[in-house]
Amino acid sequence: MATADALLRPDHATRRKHFIFNEEHEQLRESIHSFVVKELAPHAEEWEETTFPNWVFPRMGGLGFLGLSFPEEYGGQGGDYYCNLVRAEEMAHASCGGLAMGVAVHTDMATPPILLFGTEEQKQRYLVPSIRGEKISCLGITEPDAGSDVAGIKTRAVRDGDEWVINGSKTFITNGHRADYIVLVTKTDPDAGYDGFSLFVVDMDLPGVIREKKLEKLGMHASDTALLAFQDVRVPHDALLGQEGKGFYHIMWELQGERLIGAAGCVAGAQRLFDRTLEYATERSAFGRPIGKFQAIRHKFADMATKIEAGRQMVYTTAWRFHNGEYPVREISMAKLYTARMACEVADECLQIHGGAGYMKEYGIERAWRDLRLNRIGAGTDEIMLDVIGRSYGI
Ligand SMILES: Cc1cc2nc3c(=O)[nH]c(=O)nc-3n(C[C@H](O)[C@H](O)[C@H](O)COP(=O)(O)OP(=O)(O)OC[C@H]3O[C@@H](n4cnc5c(N)ncnc54)[C@H](O)[C@@H]3O)c2cc1C
């Protein structure tokens, strides 16, 4: 029986699982963690130079990690939405943002619309091999002239008998160079407003699909980012994904899952940086004491820990609502906005606490600082999140 004395002691060391997770989630967490630490993390520096290799997909597929929440009939594990959070969180232990992003584009962005909107034939043709890691996917929304303004895209799909002819271009496409297929957002009826968009699943080896160039970027170097052109690409009518004319609503649904998973990744990335920096602050001494013993540094940790915990609670509570059938767009936008900003602030403080070492490549802090910056832009910028939240109040 607990004594009053025991009850009154602060319990800082206990790591209790959050109520959304059960024992199965914790076992899953352990197995993904051990795979990530043993098989992915050792390559983080190498992949920064070369981009990560394609074998990661079949390896993860073989371990059952690519289809965690997909139905067993398609080769998935039949788990719940929280399993995807576990994967996003554990991928942070690879210390390789580009890798985590490339995998997340496949698991949490390009394939969920195929499960929700796809025909049985599309599921067999694309989802099943994607879950095995035999086909790699990418998602094409952004264009050179339209990013935040999704409705401003110009890529056109025009019906021609039993086929559609696609013309246009997409940019900043993660996995665009390695992908076997793309989930593509097009305009099918320019006069129909939001009802004039349609999604297609397009094989990347079709005539007219051109992978123009690999784009150089600030961070996420382990991922490949493509500029793509579509020149008179002919696809059969059954390449249409979901309802003709409803593509805008379909892709807005996809973005909610993408944002929530991104938010989970931000919290996990920030926590990982915090842990590594805490270790550094106990080892590094200045003026005769470990730097963590200076109140100024201690307060930085206190501030960071508080923000990370707030972000985590936002993500878990919002995920709980999502899992229970709600469509909490406002809260997802808040979680995305808050955790992206928070992760950038934490990365900056961690770099500061490392001093000059933080600026050096060998500590990996500068890489995380560069990688995390994307979160304030990708999947909807801070400004767009603020707009979605503000508009949700009717103003
Ligand atoms: C590394 C990387 C990977 C990516 N991967 C993919 C991918 O796989 N697939 C894909 O489709 N896209 C991808 N993107 C694109 C990403 O989603 C877009 O960059 C993002 O949505 C912003 O669009 P934009 O770059 O065109 O910026 P713009 O829309 O041109 O915005 C420029 C600035 O204007 C602001 N702004 C725009 N509209 C408003 C407004 N209404 N109110 C206030 N401010 C506004 C923005 O917030 C931003 O600060 C990726 C981007 C990067 C950098």
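The values are calculated or read from the model by the stated rules, or taken from the named source; none is laboratory data. Bear in mind that the values here come from a model prediction, so they are computed numbers and not experimental data. No Cβ is skipped: glycine too gets one built from the backbone with ideal geometry, and neighbour counts run over all protein chains shown. Note: areas computed on protein heavy atoms with side chains; ligands, DNA, RNA excluded. Shrake-Rupley method; radii C 1.70, N 1.55, O 1.52, S 1.80 Å.
Side notes on the structure shown:
- Within the straight-line cut-off of under 13 Å between alpha carbons, the aspartates and glutamates reachable from residue 246 are 189, 195, 254, sequence neighbours fewer than 8 places apart in one chain being disregarded.
- Relative contact order [Cα under 8 Å, 6+ residues apart], segment 324-376, whole percent: 36
- The stretch between residue 287 and residue 50 holds 81.2 nm of extra length on full extension. This uses 0.36 nm per residue minus the Cα-Cα distance.
- Contact order relative to length of the chain, as percent, for alpha carbon pairs under 8 angstrom and 6 or more apart: 15
- Between residue 148 and residue 298, the C-beta separation translates, for a Förster distance of 30 Å, into a calculated FRET efficiency of about 0.15.
- Considering only Cα atoms, the convex hull volume of segment 248-366 works out to 99 Å³ per residue.
- In the chain, the longest principal axis of the Cα atoms and the axis of helix 329-353 are about 50 degrees apart.
- Axis of helix 23-35 versus longest Cα principal axis of the chain: the two differ by about 90°, to the nearest ten degrees.
- Taken along the Cα-to-beta-carbon direction at a fixed 7 Å, the label points for residue 16 and residue 279 span 2.7 nm.
- CD proxy at 222 nm, helix term only [per DSSP H run n ≥ 4: -39500 (n - 2.57); per residue of the chain; nearest 500]: -14000 deg cm²/dmol
- Span from the segment 252-282 Cα centroid across to the segment 336-395 one, whole angstrom: 9
- Shape of segment 162-277, Cα gyration tensor, a/c cut at 1.5: oblate
- Axis angle, to the nearest 10 degrees, between helix 382-391 and the longest C-alpha principal axis of the chain: 80 degrees.
- Shape of the chain, Cα gyration tensor, a/c cut at 1.5: prolate
- Approximate spin-label separation residue 9-residue 252, in nm, with each point projected 7 Å along Cα-to-Cβ: 5.4
- Choice from 82, 126, 327 showing the highest fluctuation, given a GNM over the chain with Cα pairs closer than 10 Å: 327
- The chain, accessible surface, carbon-and-sulfur percent (1.4 angstrom probe): 53
- Per residue, the accessible area of the chain comes to 47 Å², computed with a 1.4 Å probe over protein heavy atoms only.
- Rel. contact order, % - alpha carbon contacts under 8 angstrom, at least six apart, segment 204-279: 23
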